[in-house]
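The block underneath contains the structure these notes are about, expressed in structure tokens.
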């Protein structure tokens, strides 16, 4: 299985609402970093992914570009979801469902080791994402 396939399987699992499947893509001791900093695996990442799945059920990743070099894979595209559930913010505030469709460009850098994700560094426009909800 190619490193690109492993990275894409992670996004496919999330799109299918299979959080356990997404977490199974990570190897022991893997690193997960999002726009707001490191998130502990597995519990912090589980809560992070479940939060988006509950706020934007049926959201999907549309990968438009992939670059693979050695153990590194970069996937670029757009994340698209309709805000139909309450969104819990890190500071405890909640955003009630807006019914708005949000499109957020992203780039995620993966490092793959022994057929598993060893590092995930995700970048997306968090300010632009939040602006679409107001």
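The values are calculated or read from the model by the stated rules, or taken from the named source; none is laboratory data. Because the structure is a prediction, the values reported are computed rather than measured. Reconstructed Cβ throughout: ideal geometry from the backbone, glycine too, with neighbour counts over all protein chains shown.
Within the range 80-109, if we keep just the residues that are farther than 16 Å from residue 59 by Cβ and within 18 Å of the chain's Cα centre (by Cα), the residue that is surrounded by the fewest Cβ atoms within 10 Å (Cβ to Cβ) turns out to be 90.
Out of curiosity, is residue 115 closer than 20 Å to residue 9 by Cβ, surrounded by fewer than 13 Cβ atoms within 10 Å (Cβ to Cβ) and touching a helix residue (DSSP H, G or I) at 6+ places or on another chain (Cβ under 7 Å)? It is true that residue 115 is closer than 20 Å to residue 9 by Cβ, surrounded by fewer than 13 Cβ atoms within 10 Å (Cβ to Cβ) and touching a helix residue (DSSP H, G or I) at 6+ places or on another chain (Cβ under 7 Å).
Among the residues of the range 65-86, those identified as farther than 20 Å from residue 126 by Cβ and in a strand (DSSP E or B) are 65, 66, 67, 68, 69, 72, 73. Looking across the range 35-52 at every residue that is outside any helix (DSSP H, G or I), touching a helix residue (DSSP H, G or I) at 6+ places or on another chain (Cβ under 8 Å) and modelled with pLDDT of 95 or more, the one that is nearest to residue 80 (Cα to Cα) is identified as 39.
Pull out all pairs, ordered by first then second residue, where Cβ-Cβ is under 6 Å, the residues are six or more apart or on different chains, the first lies in the range 88-111 and is modelled with pLDDT under 95, and the second is assigned to a strand (DSSP E or B) and loosely packed, with under 14 Cβ neighbours inside 10 Å. From the range 88-111, the pairs are 88/94.
On the basis of being in contact with a helix residue (DSSP H, G or I) (Cβ under 8 Å, 6 or more places away or on another chain), under 29 Å from residue 1 (Cα atoms) and free of Cβ contacts under 8 Å to residues at least 12 places away in the same chain, does residue 73 make the cut? It is false that residue 73 is in contact with a helix residue (DSSP H, G or I) (Cβ under 8 Å, 6 or more places away or on another chain), under 29 Å from residue 1 (Cα atoms) and free of Cβ contacts under 8 Å to residues at least 12 places away in the same chain.
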